[in-house]
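Q: First the structure, which I've put down as structure tokens, then a few questions once you've had a look.
The values are calculated or read from the model by the stated rules, or taken from the named source; none is laboratory data. Computed from a predicted model, the values in this text were never measured in an experiment. Ideal geometry is used to build each Cβ from the backbone, glycine not excepted, and the neighbour counts take in all protein chains shown. Note: areas computed on protein heavy atoms with side chains; ligands, DNA, RNA excluded. Shrake-Rupley method; radii C 1.70, N 1.55, O 1.52, S 1.80 Å.
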Amino acid sequence: MTASLAQIIWIVCVVGWYVLRYPHERKARKTAVAASHRGGREWLLLSISTTGLGIVPAAYVATGFGGFADYAFAPLQGYIGTALFIAALFLFHRTHRELGRNWSVSLDVREEHKLITDGVYRYVRHPMYTAFFLWALAQAFLLPNWIAGLAGLVGFGTLFTFRVFREEQMMLAEFGEAYRAYSQRTKRLIPWIF
Ligand code: SAH
């Protein structure tokens, strides 16, 4: 594995992620929202995450931007990064399939929103965010640059940190006891651990 091949793998996986997401975005546009909890703060968080997972690494791959923070690429990190990104895409696909029409890019409650607690949601409450963290980790391994590599963890980590509590409050307000019980028997990101 070379650094260039690792960059190509990063591009292929990001495009693959969008191919997986696109049909759900289309479906989401057709599914009515009952109550939206979006706002300037959500917009800012989504922008920070997109910058870290997309814009900064894309600029690095396209132009070598931030080259002063490069370090020597080790082939092993390319293999680890590839495996992590494949795991991320697999989990991403499953979470989208299982959330179905209940999915939103932001904090929305849909008309006839159903609480999903099956499939991967049986093990953790935020498996799609686990998938994004796997992507961010994959990026750190695939791009041998301290800025472009770590930008995903900083960007998505910011979104997660400032969103997850509000998302859970929203779900609790909507589903009450059912969500409280679900929260008591599940962790957030890593089964049995965190
Ligand atoms: N945090 C979840 C979902 C991310 S998508 C995950 O990481 O897998 C965000 C939207 O999903 C939120 O607007 C919320 O309405 C919805 N959502 C979150 N958890 C849900 C669940 N268990 N069942 C149904 N919808 C859920």
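Q: Evaluate the stretch 117-136: report whether one residue or more is within 16 Å of the ligand (Cβ to nearest atom), buried (at least 18 other Cβ atoms within 10 Å of the Cβ) and basic (Lys, Arg).
A: Yes, some residue in the stretch 117-136 is within 16 Å of the ligand (Cβ to nearest atom), buried (at least 18 other Cβ atoms within 10 Å of the Cβ) and basic (Lys, Arg).
Q: Hey, can you tell me all the residues within the stretch 13-33 that are loosely packed, with under 12 Cβ neighbours inside 10 Å and of a type in the set (A, V, I, L, M, F, W, C)?
A: VAL15, VAL19, ALA32
Q: I need every pair where a residue in the stretch 113-140 that is modelled with pLDDT of 95 or more has its Cβ under 6 Å from the Cβ of a residue that is part of a strand (DSSP E or B) and open to solvent by 20 Å² or more (accessible area, probe 1.4 Å), sequence separation at least 6 or different chains.
A: Taking only residues 6 or more apart or on different chains, the pairs are VAL124/LYS187.
Let's see how each residue does on (1) among the small types (Gly, Ala, Ser); (2) modelled with pLDDT of 95 or more; (3) over 21 Å from the mean Cα position of the chain (by Cα):
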site: MET1; (1), (2), (3): no, yes, yes
site: HIS24; (1), (2), (3): no, yes, no
site: SER36; (1), (2), (3): yes, no, no
site: SER49; (1), (2), (3): yes, yes, no
site: GLY54; (1), (2), (3): yes, yes, no
site: THR63; (1), (2), (3): no, yes, yes
site: TYR71; (1), (2), (3): no, yes, yes
site: PHE85; (1), (2), (3): no, yes, no
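Q: Still on this model: Given (1) within 14 Å of the chain's Cα centre (by Cα); (2) away from the ligand (no atom under 16 Å from the Cβ); (3) of a type in the set (A, V, I, L, M, F, W, C), identify the lone condition not met by PHE92.
A: (2)
Q: In the stretch 127-154, how many residues are farther than 23 Å from ARG94 by Cα and in a helix (DSSP H, G or I)? So that I can check it myself, show each step before the final result.
A: Our first condition is that a residue be farther than 23 Å from ARG94 by Cα; within the stretch 127-154, this holds for 140-151, 154.
Filter once more, so that each one left must be in a helix (DSSP H, G or I): 140-142, 146-151, 154.
So the count comes out to 10.
Q: Going by the conditions given, is PHE165 surrounded by fewer than 16 Cβ atoms within 10 Å (Cβ to Cβ) and within 25 Å of THR51 (Cα to Cα)? So that I can check it myself, show each step before the final result.
A: Details: surrounded by fewer than 16 Cβ atoms within 10 Å (Cβ to Cβ): yes; within 25 Å of THR51 (Cα to Cα): yes.
So PHE165 passes the test.
Q: Among the residues of the stretch 176-194, how many are more than 15 Å from HIS126 (Cβ to Cβ) and either crowded, with 16+ Cβ neighbours inside 10 Å or more than 13 Å from the ligand (Cβ to nearest atom) (or both)? Can you show your working first?
A: Initially, the stretch 176-194 is screened for residues more than 15 Å from HIS126 (Cβ to Cβ), giving 176-178, 180-181, 184.
Subsequent filtering for residues that are either crowded, with 16+ Cβ neighbours inside 10 Å or more than 13 Å from the ligand (Cβ to nearest atom) (or both) retains 176-177, 184.
Total satisfying the criteria: 3.
Q: Would you confirm whether any residue within the stretch 41-49 is within 11 Å of the ligand (Cβ to nearest atom) and open to solvent by 30 Å² or more (accessible area, probe 1.4 Å)? Walk me through it before giving the result.
A: The first filter runs over the stretch 41-49 and keeps only residues within 11 Å of the ligand (Cβ to nearest atom), leaving 42.
Checking which are open to solvent by 30 Å² or more (accessible area, probe 1.4 Å) leaves us with none.
Checking the stretch 41-49: not a single residue is within 11 Å of the ligand (Cβ to nearest atom) and open to solvent by 30 Å² or more (accessible area, probe 1.4 Å).
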